[in-house]
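Working notes for the structure below.
The values are calculated or read from the model by the stated rules, or taken from the named source; none is laboratory data. Everything quoted here is computed from the prediction, not taken from an experiment. Cβ atoms come from the backbone with ideal geometry, glycine included; neighbour counts cover every protein chain shown. Quick note on the areas: whole protein, heavy atoms, side chains included, nothing else; ligands and nucleic acids left out. Shrake-Rupley method; radii C 1.70, N 1.55, O 1.52, S 1.80 Å.
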Amino acid sequence: MKYFNVTVMEKGKKRQETVKAANRMAAVNLAKQKFPRTMVMKAVETSAPLEDSISDLFSGLKKSMKSKIPLNDKISTIRQIAVMTDAGIPINDTLLEVAENTENTQLKEIYTKINTDINAGNSISDAMEPYIEEFGHVALAMTNLGERTGNISESYHKLADILENIRDNTAKFKKAIRTPLITLAAMGIAFTILIMVVVPKFKDIFSKFKTELPMPTQILLKLEWAFSNYGLLILALLFAFIFGVKFLYKNNKEFKYRTDKMLIHPKFYLINKAIFLSTMHKYNLVFGELVKSGIPVSEALDTAVGMVDNAAIKEQLLTVNANIGRGMNLAEAFQLTGLYENMLLQMIKAGEAGGQLDAMLDKVTGYYDMQFQDLIDNLSAYIEPIMMFFIAGLVLLMALGIFMPMWDLGKAVKS
């Protein structure tokens with residue numbers, strides 16, 4: 001939403017009013033509704049008022065600080081609902097039982113409210129819709145499917161399977177990068193300690209040299225000076241930078257889009273491939289399972305794209321449904337995104353023609369899963385050269401920074 005200064009005329013006098021709207025025409029129409037006895041002269045885009053900026057900042061902070069519901073807790077409660085409804089227990093009794101048994105206070109509150117809405121006459125999907133941010137688009141789609149088919153149990157078993165698959169891949173990726181990150185952090189801490197402890201011992205010796213110190217030594221001395229005088233400030237700025245980036249990523253769509261687009265750029269070694277493969281696997285997994293469950297392709301595409309976190313990839317996948325609406329088949333719409341290999345497009349095309357789209361989507365999902373698993377299994381081998389280069393660079397800088405002046409001093413003594 002944008003802010004506009006709208007100039008209106010009332011009884012021959014002009015005045016300005018600030019309105020919030022999506023675009024200039026919407027601002028003009030809104031001003032006509034809010035001030036019916038005036039003539040709207042013009043609308044000019046402006047910055048947000050200070051009070052609104054502060055309010056947005058605090059609401060964003062509150063939203064970012066709100067604890068996220070663990071995926072394991074959601075899967076556990078969804079599986080409980082599936083088992084209990086399969087046993088013939090009414091949905092309202094099931095939700096009350098799940099709410100009482102779960103230890104997560106957010107889920108306890110959500111399921112209690114959903115049960116209250118159902119008792120008030122709402123459908124399960126209508127009662128769950130306000131909590132789409134907590135459960136995700138796929139949960140709402142599977143709930144709708146369960147209501148249409150009259151089999152909530154089967155839909156929720158399938159939903160739990162989808163979420164478990166996503167959880168397992170995410171956990172495997174985090175486990176694979178944990179060791180390299182710990183190693184890098186340990187090297188960074190060790191290097192900082194060496195600068196703070198070792199370099200000061202040579203500092204007085206270096207200060208007596210009348211010749212210009214080598215560049216590695218100058219770097220070490222400047223780092224030691226910065227850490228000694230501004231160490232806490234540097235640490236605070238580092239944490240503030242990390243927090244600022246996370247805050248902007250969660251609350252600023254433009255910043256998130258640019259960051260996501262940068263992360264999938266070919267220059268980002270391994271990161272781009274890991275994000276692309278995990279995103280495409282998740283998208284095709286959800287899409288394939290929804291189609292297999294009997295949800296229309298158009299609705300399944302909308303739900304699957306809602307599971308995509310990367311804004312740049314999501315932008316490309318959003319064109320698929322629009323192009324299908326223009327008369328294209330699924331394979332042609334996927335081809336225009338530029339995200340699918342020709343082999344996969346041929347498989348999807350054959351599946352559409354032969355009425356076996358769900359089976360072919362399973363193969364496409366399996367292909368992306370195989371590629372992703374291969375990347376994770378060999379991640380250590382891919383990262384090892386980078387780690388060795390980084391460690392060698394730190395050791396070389398420390399060694400040259402300390403010993404090069406000594407070599408120069410030895411040469412001076414000999415001469």
Practice problem: Considering Cα pairs under 8 angstrom that are at least six residues apart, work out the relative contact order of the chain and quote it in whole percent. | Solution: 13 percent
Practice problem: Could you work out which residue, out of I89, I205, I386, moves most in a Gaussian network model of the chain, that is, has the largest mean-square fluctuation with Cα springs under 10 Å? | Solution: I205
Quiz prompt | Between helix 91-101 and the chain: long-axis angle, C-alpha atoms, 0 to 90°, nearest 10 | solution = 30 degrees
Quiz prompt | Net dipole in debye of the stretch 173-287 [+1 Lys, Arg Cβ; -1 Asp, Glu Cβ; about Cα centre; nearest 20] | solution = 460 debye
Quiz item: By the gyration tensor of its Cα atoms, with a ≥ b ≥ c the square roots of the eigenvalues, what is the shape of the stretch 213-356: rounded for a/c under 1.5, prolate for a/b over b/c, or oblate?
Solution: prolate
Quiz item: Got a sec? Charge dipole of the chain, +1 on Cβ for Lys and Arg, -1 for Asp and Glu; which of W407, I110, I193 is way out at the positive end?
Solution: W407
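How much of the accessible area of the chain, in percent, comes from carbon and sulfur atoms when a 1.4 Å probe is used?
60 percent
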Quiz item: Using the alpha-carbon atoms, what tilt in degrees (0 to 90, nearest 10) does helix 215-251 show relative to the longest principal axis of the chain?
Solution: 10 degrees
Quiz item: With each pseudo-label sitting 7 Å past Cα toward Cβ, what's the N72-A190 distance in nm, one decimal?
Solution: 3.2 nm
Quiz item: Do any of K2/K34; K68/K292; K253/K282 go past 27 Å between their Cα atoms, and which?
Solution: K68/K292
Quiz prompt | Listed candidates [x] 1.35; [y] 0.99; [z] 1.04 - label of the one calculated as Cα Rg over 2.2 N^0.38 Å | solution = [x]
Self-check item: Probe 1.4 Å, protein heavy atoms only - accessible area per residue of the chain in square angstrom
Solution: 59 Å²
Quiz item: So for T279, T149, what's the accessible-area order with a 1.4 Å probe, most first?
Solution: T149, T279
Quiz item: Expressed as an acute angle from 0 to 90° and rounded to the nearest 10, what is the orientation of the C-alpha long axis of helix 105-119 relative to the principal long axis of the chain?
Solution: 10 degrees
Self-check item: Gaussian network model of the chain, springs between alpha carbon atoms under 10 Å - residue of L277, L96, L396 with greatest fluctuation
Solution: L396
Quiz item: Which of F173, F191, F276 moves the most in a Gaussian network model of the chain with Cα springs under 10 Å?
Solution: F191
Quiz item: Under a plain spin-label model, where a point goes 7 Å from the Cα along Cα-to-Cβ, how far apart in nm are A22 and K175?
Solution: 4.5 nm
